[in-house]
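Here is the structure we will look at, set down as C-alpha cells.
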Amino acid sequence: MAPPGGGRNPISNRLLRHFSLLAFVELSWECLDQIFGNIFGTFLKGSFPVEMQIVKMPVVAATIEIYHLIQEVMLPTPAKSHYTFNLRDPSKVFQGVMRGEPDTMTSPKQMLTLWIHEMMRVFQDRLCVPKDKEWFQARLNEKLHIHCQMEYNDIVSTHHLIFADFLHPLDRRYVQVTDTMAMVRVVGEMLDDYNGATEAPMKLTMFVD
C-alpha cells in the first residue's frame, strides 16, 4: 500500500483497522496432490464410467510436476516479465478439464486429450519464445511417458488441438474442434452478427495460427 501523497488520498485509520495481514507457507506436493486429486476424483465419480478413474492420478501428478518445473525454469526477465506462475494456473487446468461431459468424453484417451489442451492453453500459450514452447512440449511428452506410458502423438492426432464451446450455441458443450474451417466460419458469422448490431464494427480477419 503506497504512502499518502502524490495525488493519492490518505487512508483513514478507521478503514485501516480492518486490515489484516495473512501469510502461509507454500503448499507441499502432497497437499497439492490431495487437493486436486479430491477435486478431480469427485468430478470423475459423478457421471463418468469406472474406467475413466485411471486418468485421475496420472493427470494430477503430471500437472503438479509440470507446474513446479515451469516455476523453477521459466523465470521472469525484463523481456518476459509475464512469466509468473502460481496456484491459479493448475486450478485453471482442472477447471478446463472439468468442462468435459460424459457424452463427449467416452474414453481415457479423450480425457487426456482435453487435459493436454488445457495444459497448453494455460502454460504454453504464455511462453513467447519458440525455444520455451519446445521446452514445455518436451516436458509434457516426458510426463505423458512416465505417468501414462504414452507419447503425445499417440494421443493427439491433429496439428491444431482446439476445444471450444461456441460450436454448439444452444447447450455450450465444450468439445474438440475437428473441422478447423467450420470453426473459422462460425467465428466469422458471430463477428458479422456483432458488426450488424453495433455502431462501432470491428474489422477483424480470422485465420488459424
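Bear in mind that the values in this text are calculations on the coordinates, not laboratory data. Note that the structure is a prediction, hence the values are computed from the model and not measured. Cβ: placed from backbone, ideal geometry, glycine included. Neighbour counts: every protein chain shown.
Positive-end ranking of 110, 75, 156 along the dipole of the stretch 29-156, with charges on Cβ about the Cα centre, is headed by 75. Ordered by the number of other Cβ atoms lying within 10 Å of each residue's own Cβ, fewest first, 15, 69, 112, 87 fall into the sequence 15, 87, 69, 112. Ranked for footprinting exposure by Cβ neighbours inside 10 Å, fewest first, 20, 28 give 20, 28. Only lysine pairs 8 or more places apart or on separate chains count here, and in the chain those with Cα atoms under 23 Å apart total 15. Is the shape of the chain best called rounded, prolate or oblate, per the rule: a/c under 1.5 gives rounded, else a/b larger than b/c gives prolate, else oblate, with a ≥ b ≥ c the square roots of the Cα gyration tensor eigenvalues? The shape class here is oblate. The orientation-averaged shadow of the Cα convex hull for the stretch 1-111, equal to a quarter of the hull surface, comes to 11.7 nm².
Evaluating 6.51 cos²θ - 1.76 cosθ + 1.60 at θ = phi - 60° for every residue in the stretch 71-82, the Karplus couplings come out as 5, 7, 9, 8, 8, x, 10, x, 7, 9, 5, 8 Hz, glycine and proline recorded as x. Distances between placed amide hydrogens fall under 5 Å for residue 163 paired with 177, all partners being 5 or more residues away or on another chain.
The calculated FRET efficiency for the pair residue 53 and residue 189, based on their C-beta separation and a Förster distance of 41 Å, comes to about 0.55.
Our coupling estimate for the stretch 27-35, obtained by passing each phi through the Karplus curve with A = 6.51, B = -1.76, C = 1.60 and θ = phi - 60°, is 5, 6, 4, 5, 5, 4, 4, 5, 5 Hz, Gly and Pro reported as x. The phi torsions of the stretch 201-209, fed into the Karplus equation with coefficients 6.51, -1.76 and 1.60 and a -60° offset, translate into couplings of x, 9, 9, 10, 10, 8, 8, 9, 6 Hz, rounded to whole numbers, with Gly and Pro shown as x.
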